[in-house]
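Trainee: Submitted below is the structure of interest, expressed as C-alpha cells.
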Amino acid sequence: MTASNDEIEQQHKPKWSQNPFAQLLHLPPISLQDGTARLELIVEEIHLRPGGVVHGGIFATLLDTVAGYAAYCVAPKGAEVLTIQLNLNMTATARLGETIIATAKAVHSGRRTAVVQGELRLPDGKLLVTGSGTFFFVDGGLI
C-alpha cells in the first residue's frame, strides 16, 4: 500500500520539521511522489571540504536523506524508517554555488524493509553519486 504525498507529509511533518541536523546543513524541502523523492541543494561554504569541493559526507547525507524519504512513501502507515544499509559511489564532485539534484526511487518494499536506489547529479545531467539503501520499518514509530 502506497501513501499519497499529502498523507506522508501530514503523517511525518512534526518529525520532519524538527530535524536540527537537516537545518544545520541547510537542506531544502523534499518533493515526494509515488515512492520517489527529490531535492535540489545549492552548494554553500558549509558543504565544502578543504580544496573547495563538496565533502563526501554531504553526498552521503543527501543520498541517505532523499532515499529515506522515498522509503517513507512505501512504508506502512505510522511506521518510522531507519537506514540499515547505505552504499554510494562518487564519480565526480560539485563546487560552491552549483546545484545538486538528488533523486531516489523505492525499487522494493516488503513488510519490514524497503530498498531504494538514488543519484546525485548536476543540472546538466553530470553524475556525481549513485547509490542504494536498505531501510527498516519500525511499526508505531520510535517515540
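Each value in this text was obtained by applying a stated rule to the coordinates, not by laboratory testing. This is a predicted model, so every value here is computed, not measured. Here the Cβ positions follow ideal geometry from the backbone for every residue, glycine too, while neighbour counts run over all protein chains shown.
Trainee: With everything on Cα atoms, drop me the angle between helix 56-74 and the longest principal axis of the chain, reported from 0 to 90° to the nearest 10.
Mentor: 20
Trainee: Here's something else I'd like to know. Per 0.36 nm of contour for each residue apart, how much would the distance between residue 111 and residue 60 grow if the chain were fully extended, relative to their Cα-Cα spacing?
Mentor: Numbers: separation 51, 0.36 × 51 = 18.36 nm, distance 2.59 nm.
Answer, rounded to one decimal: 15.8 nm.
Trainee: Add -39500 (n - 2.57) for each DSSP H run of 4 or more in the chain, then divide by its residues: what number comes out at 222 nm, to the nearest 500 deg cm²/dmol? Don't skip to the answer; put the middle values down first.
Mentor: On the way: 3 runs with 37 residues, N = 143.
That comes out to -8000 deg cm²/dmol.
Trainee: If I model a spin label as a point 7 Å beyond the Cα along the Cα-Cβ vector, how far apart are those points for residue 45 and residue 82 in nm?
Mentor: With each label placed 7 Å out from Cα toward Cβ, I get 3.8 nm.
Trainee: I need 46, 101, 58 ordered by Cβ neighbour count within 10 Å, fewest first. It would help to have the intermediate numbers written out before the result.
Mentor: Working: 46 10, 101 17, 58 21.
With the sparsest Cβ surroundings first, the list reads 46, 101, 58.
Trainee: Give me the angle, in degrees from 0 to 90, between the Cα long axis of helix 5-17 and the longest principal axis of the Cα atoms of the chain, rounded to the nearest 10.
Mentor: Taking Cα atoms only, the helix is inclined about 70 degrees.
Trainee: A further question on this structure: Show me, for region 118-126, the HN-Hα J-couplings you get by feeding each phi into the Karplus relation (A = 6.51, B = -1.76, C = 1.60, θ = phi - 60°), rounded to Hz, glycine and proline as x.
Mentor: 3J(HN,Hα) across region 118-126, in whole Hz: x, 9, 10, 9, 8, x, 7, x, 4.
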